Structures are given as C-alpha cells and as structure tokens.
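Contents: one structure, followed by commentary.
The values are calculated or read from the model by the stated rules, or taken from the named source; none is laboratory data. Everything quoted here is computed from the prediction, not taken from an experiment. Because the Cβ atoms are built from the backbone with ideal geometry, glycine has one as well, and the counts that use them run over all protein chains shown. Side chains included, ligands, DNA and RNA excluded: accessible areas come from the protein's heavy atoms. Shrake-Rupley method; radii C 1.70, N 1.55, O 1.52, S 1.80 Å.
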Amino acid sequence: MAEVVVSGIVKSFGKVAVLKEVSVAIADGEMLVVLGPSGCGKSTLLRIIAGLETASAGDVMIGGRRVNDLEPAERDIAMVFQNYALYPHMTVRQNMAYGLKNLGTAKAVIEKRVAEAAQILGLAELLDRKPRQLSGGQRQRVAMGRAIVREPEAFLFDEPLSNLDAKLRVQMRHEIKQLQRRLGTTGIFVTHDQVEAMTLGDRLLVLNQGVVEQVDTPIEVYARPASLFVAGFIGSPAMNVLDGTIDGDGTTVTCGGARLRLEHELPGEAGREVRVGIRPEHLAPIAAGAPSPDAGLDVEVEWVELLGADTVAHGRLADGQALALRRPGDRPVAAGERFHLTPAPAHLHLFDPATGRRIDKGRR
Amino acid sequence: MEKRVVFRHRWLPYALLAPQLAITLVFFIWPAAQALWQSMLVQDAFGLSVRFVWFDNFTYLFGNREYLHSIRVTAVFSLGVALLGLVVALLLAAMADHAIRGAVVYKTLLIWPYAVAPAIAGVLWLFLFNPSVGIVAWWLQGIGIDWNHKISGNQAMLLVIIAAAWKQVSYNFLFFLAGMQAIPRSLIEAAAIDCAGPGKRFFTIVFPLLSPTTFFLIVVNIVYAFFDTFGIIHAVTRGGPAQATNIMVYKVFSDGFIGLNLGSSAAQSVVLMAIVVTLTVVQFRFVERRVQYG
Ligand SMILES: Nc1ncnc2c1ncn2[C@@H]1O[C@H](COP(=O)(O)OP(=O)(O)OP(=O)(O)O)[C@@H](O)[C@H]1O
Ligand SMILES: [Mg+2]
C-alpha cells in the first residue's frame with residue numbers, strides 16, 4: 001500500500017512519441033482508472049510503472065521510492081494481464097505461490113496466504129488444477145489471486161475483463177472493486193470501456209494520444225469534461241457539439257438557430273466563436289405556450305434507436321447540424337417528429353474551437 | 001470441415017501413391033529385407049560358400065566383447081552429442097531471443113553449419129585440432145594440455161563429439177528459438193514481475209515450457225548421432241584409436257567392408273534398424289500426445 005507518483009513520463013518508440021509528459025499522483029489506497037481509445041498509450045504507461053518498459057524521460061515513485069532503475073520484481077507491484085498470463089505448466093496453487101516463493105517467503109506463510117486468497121476468490125476447489133482446465137472467469141480469478149497473495153504496494157490491471165462475457169464482466173468488475181477496497185491497495189486500472197471506468201475508478205485519467213486530457217472523479221469528468229475529446233469520449237450516446245457564437249452581452253450563446261442562456265456570464269467575450277456541448281440526456285422539450293419559444297433548438301427527428309429504457313432520437317437542426325436527444329423509453333418518438341428543445345444553462349458546455357479546452361467562468 | 005480429400009476413382013489414390021511406394025520399396029524395404037536375410041547367413045572368407053545359421057550371428061554379436069564395447073562407445077558418443085548440441089543451442093537461442101535487433105543475422109549465421117556435409121565438418125575440426133598444426137591444439141598446448149587425439153581415446157571421443165554436435169547446433173537452435181518465440185510475451189513479463197533472477201526465470205518458466213521441443217530434439221539428436229555421423233567418424237578417427245570411437249554405425253562398415261564379415265555386419269545393421277524403429281515409435285507416440293498449453 002503506497003502512493004504512486006508518475007511525473008513527466010515521456011516515451012517514444014523510435015520517432016513516435018507515445019506518451020508526452022504524463023504526470024499523475026495516485027493516493028494510497030486509491031483506484032485510478034486510465035481510460036482512452038485504443039493505441040493512446042494506456043498499456044505503455046502501465047508497463048512503465050511496472051518496469052516492463054523503460055521511459056524515455058520522467059520518474060516513477062512507488063511509496064516514496066524512485067523505482068526507475070529497479071527490476072519489475074523489485075518494485076513490489078502485481079499485475080493482472082488481459083490474457084491472464086498464467087503459467088500453463090503450474091497448478092493454480094503453484095501459480096499463486098510462485099512470486100512469494102521467489103521472494104524467499106516461509107512455506108507456512110505462503111500456504112496461509114494462498115489458502116486465504118483462494119477462499120476470498122472461491123478457488124479453494126481448483127487449487128490443484130492446471131490453467132487449461134479452468135474457464136475464463138476462473139482464470140481471471142487465479143490471476144487476481146496471484147496478485148493479491150503478494151500483498152503488493154500496488155495492483156496494476158491491463159484490461160483484465162475484456163476477455164469475459166458481458167455478464168461475467170459486470171460481476172468481476174464488482175468483485176475487483178470490493179477486493180481493492182477491502183485490501184486498501186493502491187490500484188491502476190487500464191481500460192477503454194467507459195462503463196468499467198465510471199464504476200471502478202475513484203478517479204479517472206483520460207488519455208488521448210499520449211496526452212493527459214483530464215484527471216478527476218468519474219462524476220466530475222462526466223459533468224465538467226475538460227476538453228472536447230473528453231466530452232466526446234465519456235457518455236453514450238456522445239455529447240452533441242454545435243458551432244456557436246457568444247452574444248453581445250455575454251449572457252447567451254447563439255447556436256443552431258437558437259439563443260441559449262449561459263450559466264455564467266462571459267463579459268467581454270462577445271462575438272467569440274465557441275463549440276457548444278450538450279448531452280443528449282440534457283435536452284428537454286419546451287412545452288407549447290412556454291414563455292420564450294424562440295430561445296430553443298428546433299430539431300426534426302430523422303431516425304430513432306429504441307434501447308428499451310431510453311429512446312435515442314437522431315435529428316437535424318434547421319441549419320443542418322446533427323443533434324441527438326435521449327427520451328424515456330415509454331414515450332414513443334417517430335421519425336419526422338419535431339421537437340423544440342432547450343438545455344438547462346448548467347448543462348451547457350463551452351469549448352474553445354482552437355484548443356478544444358473547456359471555457360469556464362474566469363478561466364480561458 | 002472435412003480436411004481429407006475424397007477421391008472419386010478407386011485407383012487414383014493408389015496411382016498417386018505409387019511413386020512414393022516404389023521408392024520406399026526399392027530403396028528402403030528391399031535393402032532392409034536383404035540385410036535381414038543376410039544377417040542369418042555366414043559366408044567363408046573367400047565368398048565361396050554360404051550357410052544359413054538362423055540367429056547365430058546375433059548370439060555371437062551380443063557375446064562379443066568388441067561389440068559390447070561399441071555399444072558403450074555409441075552411448076557415450078550419442079549422449080555427448082545430444083547434450084552438447086542441445087546445451088549450446090539453448091544458450092544461443094536464449095541470447096538470440098533477447099536480441100531483437102540483429103536476430104535475423106544471428107539466425108542466418110547460426111544455420112550455416114547445418115548445410116555443411118558431415119565429412120567436411122569432420123575435416124574442419126580435424127584441422128583445428130591437428131596435434132601439429134591445429135590452432136586449437138596449439139592453444140591447448142598453451143594452457144598445458146597435451147592434445148593428441150591420435151593417441152588418446154578420450155580426446156578422440158571429445159573431438160568427434162564436438163564436430164558432430166557443432167553441425168547439429170544450428171538445427172537445435174532454430175527449434176529452440178521458435179519455441180521461445182512461441183511463448184506469449186505476457187508470460188515472460190508476468191515472470192519478470194514474480195521473479196527477479198533471469199536465470200531462475202529461465203529454469204522455472206521458459207525451460208519447462210520448452211519441454212516438448214526439448215524432448216523432440218533429444219530424439220532427433222540421438223538418431224542423428226547414431227546414424228548420420230558416419231562421415232565425421234570416417235574423416236576424423238576411423239573408429240580409432242584402439243576402437244575408442246568405433247560407434248555402431250561405423251562398425252557395420254568396418255566389419256563388413258574392411259573385415260569382410262558380411263553376416264555380422266548385416267546383423268549389426270539389423271540391430272541399428274531395430275533401434276531407429278524404436279526411437280521413431282517413441283517420437284511419434286510423443287508427438288501425438290504433445291502437451292497442449294494455453
Ligand atoms: N514495442 C513497441 N514498439 C513500437 N511501438 C509500440 C510498441 N509498443 C506500443 N507501441 C505503440 O505505442 C502506441 C500505444 O500503445 P499501447 O499498447 O500503450 O496502447 P493502448 O492504449 O494500450 O491500446 P489498447 O487499448 O489497444 O491496448 C501504439 O500506437 C503502439 O503501436
Ligand atoms: Mg493496451
């Protein structure tokens with residue numbers, strides 16, 4: 001159990017820079033989820049922390065100890081791999097004991113810890129089996145068991161659930177979370193699945209092409225995405241992004257043929273071009289006869305996705321920009337239907353078109 | 001999916017097999033049958049009379065001190081060749097597996113000896129170890145070892161083992177390297193996290209995972225040492241000094257073509273035939289049951 005600090009990590013493979021100055025501090029006992037699209041450098045970051053890859057620049061500190069020059073085995077971490085990487089020639093018991101044995105741990109201690117881990121993970125019956133005699137879920141548990149018997153300073157997970165079926169994935173997600181909480185071990189969990197990220201992480205680190213876009217709690221990342229990239233990556237269906245211009249007095253923004261009220265005034269920003277983000281679930285129809293019908297977005301529905309609990313309607317604004325909105329599943333929506341919509345000011349996200357960064361009150 | 005080819009004509013499969021069957025019959029079955037027949041005959045020294053003696057040749061063989069000696073020599077030689085060839089190849093493969101860059105160059109360089117004919121390999125090593133002009137013999141002299149394989153039986157044995165193993169190293173190397181590269185990278189990485197020492201890692205993870213390859217190679221190398229090393233022995237020691245390197249396959253030749261004891265020579269080749277059949281059966285049974293990992 002320890003704090004893990006990554007500072008200024010740069011990694012290039014030849015000329016290709018895969019990680020560009022990645023810095024993050026993971027508190028003792030915290031679970032950080034690293035989220036990003038395929039190829040953004042998530043695994044590379046994790047492998048640098050594990051010591052399986054050497055950074056081109058930057059430091060990795062585990063428990064206050066600089067580990068840059070230490071072998072993976074000397075870093076006191078445990079890793080769970082996507083394909084589990086169980087030793088095929090060893091039984092489940094031997095797989096779990098291998099790390100401890102190499103550390104010279106006393107036999108009695110090893111036996112006790114393996115028995116404990118097997119009990120926690122429901123592997124007691126399987127201890128004498130070989131990995132090939134196990135199901136995917138069981139292998140996953142053995143991989144977890146191998147990590148926890150070590151009682152390491154930190155757990156590193158590289159998409160450990162992606163080879164499981166949907167149902168098992170939900171269950172293992174829950175188990176991993178519980179286990180990590182219970183043991184209080186610092187964890188770093190790499191995934192490209194946003195549901196996994198939202199549910200597992202104490203905090204999320206969103207990585208895009210080797211650059212940290214945002215590090216925050218899942219709710220905060222959802223509620224206040226720091227950039228257009230994060231806005232588009234978190235949430236399903238993705239956030240609508242429209243072109244807009246700040247109006248004269250800085251209290252409203254004109255986009256898609258509507259004037260939308262801002263949560264915070266932006267005085268002196270009149271005429272500034274912005275990108276306006278609105279989540280599909282935050283678009284509420286304005287009842288006919290409401291005070292200012294001219295303030296809303298007029299959308300004509302083109303096609304509809306029925307998801308059961310919700311219905312997602314995809315349509316176009318008068319100026320041709322696409323817009324999706326989410327409606328409760330019990331209110332039927334048909335193609336050709338027209339909606340007059342407005343978001344609550346608090347649910348409007350403004351981004352700088354050039355940098356893609358969020359525009360906040362008092363911050364540019 | 002049906003992987004077998006289904007023939008519509010009844011005679012077509014036989015016709016397609018015929019060339020291979022003919023070759024097998026003419027070059028393998030027929031000589032083997034002849035050897036079997038001859039192994040039960042005794043011929044006088046001038047080749048004028050022939051007698052059928054049932055298994056007398058075999059009884060004589062296994063009571064013969066020289067033949068038993070040759071079996072021992074063969075055992076030492078083949079184990080020596082297999083061990084040396086495998087250990088060196090494993091070492092080279094482990095190093096090549098580490099070096100990602102330049103691995104192709106290593107592979108190419110290391111495969112060359114396999115293309116060298118046994119007799120040439122023998123001559124090459126003979127030259128290096130030549131007591132009067134060989135460079136290795138000269139180095140050995142420098143560290144106080146008096147090298148003369150023409151006198152010392154042990155040194156002669158060592159020399160033929162080295163020459164024979166050298167040729168086989170490349171073959172073993174390729175198999176070991178392929179075996180190592182077939183081990184998933186994440187396994188090696190998991191081991192790197194679980195175990196600090198590279199040596200220990202090798203012996204607890206990599207080597208056990210290579211065991212199917214190793215077993216296969218042991219059989220192949222023993223077969224090689226038994227049967228394909230005639231050229232090396234013939235070029236380097238001719239079975240000498242004092243029978244010290246007279247392995248079974250060479251003794252077949254020397255007894256038959258030099259000693260002109262055709263009956264005994266044929267019996268010896270039948271014994272060798274039995275050995276190669278046994279090894280092949282062992283190999284095939286093993287390959288069928290090949291351990292499935294994953
Ligand atoms: N050994 C390597 N040599 C060269 N390039 C590499 C190497 N390893 C990774 N890369 C490159 O670095 C980039 C990031 O790879 P990485 O494996 O970290 O992605 P990832 O975010 O884990 O993706 P995924 O979600 O698909 O696992 C990729 O573009 C990849 O091609
Ligand atoms: Mg990855």
Whenever you get a sec, compute what percent of the accessible area on segment A:4-233 sits on carbon and sulfur atoms (1.4 Å probe). 50
Angstrom value of the Kirkwood radius, inverse mean 1/r, which spans all Cα pairs in chain A: 23.0
What is segment A:240-351's relative contact order, in percent, from Cα pairs under 8 angstrom and six or more apart in sequence? 30
Sum up the charges of everything whose Cβ sits under 14 Å from the Cβ of A:Leu325, counting Lys and Arg as +1 and Asp and Glu as -1, but leave A:Leu325 out. -1
Where a ≥ b ≥ c are root eigenvalues of the Cα gyration tensor, a/c under 1.5 meaning rounded, otherwise prolate if a/b exceeds b/c and oblate otherwise, segment B:68-117 counts as oblate
So if R0 is 35 Å, what FRET efficiency would A:Asp249 and A:Arg316 give, r being the distance between their Cβ atoms, rounded to the nearest 0.05? 0.75
Taking B:Lys251 as the anchor, which lysines have their alpha carbon closer than 23 Å to its alpha carbon, excluding any fewer than eight residues away along the same chain? B:Lys150, B:Lys167
State the antiparallel share, in %, of DSSP beta bridges confined to chain A, rounding to the nearest 5. 75
State the extension gain, in nm to one decimal, for the chain segment bounded by B:His69 and B:Arg10, taking 0.36 nm per residue of separation less the distance between their alpha-carbons. 15.9 nm
For chain A, with a Gaussian network of springs between Cα atoms less than 10 Å apart, report the residue from A:Gly36, A:Gly250, A:Gly51 with the top mean-square fluctuation. A:Gly250
In Å², nearest 10: area of A:Ser56 left accessible to a 1.4 Å probe: 70
Just read off the accessible area of A:Thr342 with the full protein assembly in place, 1.4 Å probe, to the nearest 10 Å². 50
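Just want to confirm a number: the relative contact order over chain B, from Cα pairs under 8 angstrom separated by 6+ residues, in percent. Walk me through the numbers on the way to the answer.
Numbers: 325 pairs, mean separation 80.1, N = 294.
Value for chain B: 27 percent.
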On a 1.4 Å probe surface of the protein chains, which of A:Val190, B:Val276 comes out largest in accessible area, and what is the full order? B:Val276, A:Val190
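Arrange the residues B:His234, A:His349 by how much accessible surface each exposes, largest first, with a 1.4 angstrom probe.
Ranked from most to least accessible, the order is B:His234, A:His349.
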Using Cα springs under 10 Å in a Gaussian network model of chain A, which residue among A:Asp158, A:Asp69, A:Asp59 shows the largest mean-square fluctuation? A:Asp69
Where only protein heavy atoms count, and the probe is 1.4 Å, what is the accessible area per residue for segment A:39-128 in Å²? 43
Would you check the accessible area of A:Thr355, probe 1.4 Å, heavy atoms only, in square angstrom rounded to 10? 90
What number results when the radius of gyration of segment B:47-168, computed over Cα atoms, is divided by 2.2 N^0.38 Å? 1.47
Quick check on chain B: helices-only [θ] at 222 nm, where DSSP H runs of length 4 and up contribute -39,500 (n - 2.57) each and the sum goes over total residues. Nearest 500, please. -21500 deg cm²/dmol
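Using the alpha carbon gyration tensor of segment A:240-351, what are the three equivalent-ellipsoid semi-axes (square root of 5 times each eigenvalue), largest first, in whole Å? Can you show the working numbers first?
Values: eigenvalues 133, 35, 31 Å².
For segment A:240-351, the semi-axes come out at 26, 13, 12 Å.
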In a Debye calculation with equal point scatterers on the alpha-carbon sites of the protein assembly as shown and no solvent, what is log10 I(q)/I(0) at q = 0.10 Å⁻¹? -1.04
